[in-house]
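Written below as structure tokens is the structure these notes are about.
The values are calculated or read from the model by the stated rules, or taken from the named source; none is laboratory data. Keep in mind it's a predicted model, so treat the numbers as computed, not measured. In this analysis, Cβ positions are derived from the backbone assuming ideal geometry, glycine residues included, and neighbour counts consider all displayed protein chains. These area figures cover heavy atoms from the full protein model, side chains too; ligands, DNA and RNA do not enter into them. Shrake-Rupley method; radii C 1.70, N 1.55, O 1.52, S 1.80 Å.
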Amino acid sequence: MRQVSRVHKYQSFDAWKRAHAAAVLALTATDGARQPRNWAVFDQLRRAAVSVEANIVEGYALGTSKLFRRHLRIAMGSAAEAECLARLAGELRYLPEPVVKELEGLLGGTMRALHGPLGRPRRTVP
């Protein structure tokens, strides 16, 4: 029987599945649609969406709980950023509403899935 490599077990992590789907959607929805008026928003949306998935995988691959949690917190921030940018792109009519709703759903689901391993987030208001 063939053993699955430990490095690829991140693929069974629900947050990664949602983050991966969001990254694919963000990249395909903005690919070829970039124009000077929307380039900055699309570029940052693409980077943030990819960062969510990449940080989950990187943290998992580093193999320690402390580093994994650190990267999950970074992924959480990137997911919130990507969600904000998707909403902005929708309000500016750079992306069609169904794409924005799907991105918001995937990114919101990613953040909910990240709350489990991270525990309750601490928030302080300045």
Taking only the stretch 1-59 into account, find how many residues are modelled with pLDDT under 85, part of a helix (DSSP H, G or I) and buried (at least 17 other Cβ atoms within 10 Å of the Cβ). 1
Go through (1) open to solvent by 50 Å² or more (accessible area, probe 1.4 Å); (2) part of a helix (DSSP H, G or I) for residue 77 and report which single condition fails. (1)
For residue 77, work out the one condition from (1) over 14 Å from the mean Cα position of the chain (by Cα); (2) free of Cβ contacts under 8 Å to residues at least 24 places away in the same chain it doesn't fulfil. (1)
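Quick check on this structure: which one of 116, 108 is surrounded by fewer than 18 Cβ atoms within 10 Å (Cβ to Cβ) and within 10 Å of the chain's Cα centre (by Cα)?
Of the residues listed, the single one that is surrounded by fewer than 18 Cβ atoms within 10 Å (Cβ to Cβ) and within 10 Å of the chain's Cα centre (by Cα) is 108.
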